1. Given the options A:ALA163, A:ALA114, A:ALA174, which has the most mean-square fluctuation in a GNM of chain A, springs set between C-alpha atoms less than 10 angstrom apart?
2. Among A:ILE113, A:GLN132, A:LEU88, whose Cα sits farthest toward the positive end of the charge dipole of chain A (+1 at Cβ of Lys/Arg, -1 at Cβ of Asp/Glu, about the Cα centre)?
3. Return the FRET efficiency for the residue pair A:SER76, B:GLU142: r is the Cβ-Cβ distance, R0 is 25 Å, and the value is rounded to the nearest 0.05.
4. Let me know the mean shielding of A:177-185 by other chains, meaning the per-residue number of their Cβ atoms within 10 Å of its Cβ.
5. Relative to the longest principal Cα axis of chain A, at what angle does helix A:118-139 sit, 0 to 90 degrees, rounded to 10?
6. Nearest 500 deg cm²/dmol is fine: what mean residue ellipticity at 222 nm does the protein assembly as shown get from its DSSP H runs of n ≥ 4 alone, each adding -39,500 (n - 2.57), divided by its residue count?
7. For the rotation taking chain A to chain B, which residue of A has the Cβ nearest the axis, and how many Å away is it?
8. Which value, in debye to the nearest 20, describes the size of the charge dipole of region B:5-64 about its Cα centre when Lys and Arg Cβ atoms bear +1, Asp and Glu Cβ atoms bear -1, and nothing else is charged?
Protein chains: 2
Amino acid sequence: MRYSTDHKQQTREKLLASSGVLAKRGGFASTGVAELMKAIGLTGGAFYNHFPSKDDLFSEVVRRELCNSPFARLASQGADRERLRRCLKQYLSLAHLHNPEGGCPLPPLGVEIARAERPVREQAEHWLLELQAAWSETLGDERRAWALISQCVGALVVGRMLASEEVQQQVLDASRDVVEQALEED
Amino acid sequence: MRYSTDHKQQTREKLLASSGVLAKRGGFASTGVAELMKAIGLTGGAFYNHFPSKDDLFSEVVRRELCNSPFARLASQGADRERLRRCLKQYLSLAHLHNPEGGCPLPPLGVEIARAERPVREQAEHWLLELQAAWSETLGDERRAWALISQCVGALVVGRMLASEEVQQQVLDASRDVVEQALEED
DNA sequence: GTCTATACGATGATAGAC
DNA sequence: GTCTATCATCGTATAGAC
């Protein structure tokens with residue numbers, strides 16, 4: 001065979017990673033198959049050797065993005081308060097706000113996940129439940145964990161809607177305060 | 001003239017209202033001009049008698065949706081704590097979560113606003129600053145106002161990503177607790 | 001103002017050469 | 001596996017009849 005068997009795996013992985021970036025930047029629905037393939041140096045026709053449809057790619061992109069999310073490592077390995085604090089401080093930064101393509105998939109892809117078929121939402125739910133369980137352990141409060149997740153995702157969604165960096169910083173700082181308060185309480 | 005002058009105004013208003021609903025339901029970019037016009041009983045060709053382009057419609061839809069948002073009345077007229085509490089309880093309800101087309105535009109349209117041109121983000125910012133100012137008055141804390149806005153928007157974005165109503169209710173309840181706590185403190 | 005018809009590009013997806 | 005060529009459909013936007 002002209003192409004080794006793991007070449008297909010590598011191409012698939014490159015496509016998943018690159019598509020995650022493009023989807024978080026400009027939206028998944030708004031990005032065509034040809035554009036996704038061109039980003040990894042291929043043409044649109046080759047796409048269907050890797051995924052049966054564009055929707056299937058979305059499902060896999062979501063799965064991969066969630067596993068590689070800045071939150072993910074805190075979900076798998078139990079996190080002490082200090083580690084969680086540092087992670088959320090970085091999450092609620094202007095650097096993250098201005099870099100959706102390299103950041104958490106929840107703010108930029110959340111709405112598209114919400115409109116996707118049930119299996120996609122189920123895997124999002126499964127991952128979010130794991131995250132919430134991990135944070136509950138750290139915080140000692142299951143409800144505060146959910147509230148903190150919503151707080152962080154909301155801050156980025158709201159912040160990215162804004163035009164001026166000043167106000168964006170205000171929004172982020174306000175949520176940082178909430179995080180600090182939640183992590184200092186018993 | 002076969003059509004009265006205010007007939008055009010009425011058509012425009014119907015188009016704005018209907019497009020807001022469709023955009024919040026399925027996304028603005030994903031909804032074609034023909035579909036938007038068909039929803040008010042017209043064909044696609046008539047669209048350009050009312051707006052020079054689809055992007056211009058989006059800008060007007062965002063403006064109108066913000067002014068008619070469940071938050072809007074609380075922004076214009078100063079709100080006492082009790083009024084704000086009742087509004088946020090309704091905001092953080094399963095009824096609202098399952099009815100994006102009739103609810104707040106921030107969760108379903110926020111990401112598209114973030115990717116829109118600067119003027120769109122500027123008017124979103126202007127409106128959000130007014131809302132934050134009003135809530136600051138009620139809460140007596142400018143930062144808590146921003147945090148509360150992010151909390152509410154985030155809860156709906158996260159909740160709508162989920163598959164099961166149980167977990168959705170948990171996410172909403174967690175943010176309700178935060179709202180109650182913020183409104184009870186001095 | 002609204003219609004139909006149309007231009008023209010982009011879309012998701014397929015077929016067959018290599 | 002990837003390419004080019006192609007299909008059918010849809011997208012935004014325009015032109016002209018009524």
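Rule-based calculations on the coordinates, nothing more; no lab input. As the structure is a computational prediction, the values presented were derived from the model and not from experiment. So basically every Cβ, Gly included, is an ideal-geometry build from the backbone, and we count neighbours across all protein chains shown.
1. Highest fluctuation of the listed residues: A:ALA163.
2. A:ILE113
3. 0.10
4. Values: counts 5, 9, 1, 0, 1, 1, 0, 0, 0.
Rounded to a whole number, the mean comes out at 2.
5. Orientation of helix A:118-139: about 30 degrees from the principal axis.
6. Working: 20 runs with 266 residues, N = 372.
Here the helix-only value at 222 nm equals -23000 deg cm²/dmol.
7. A:GLY154, 1
8. Taking the Cα centre of region B:5-64 as origin, the dipole is about 160 debye.
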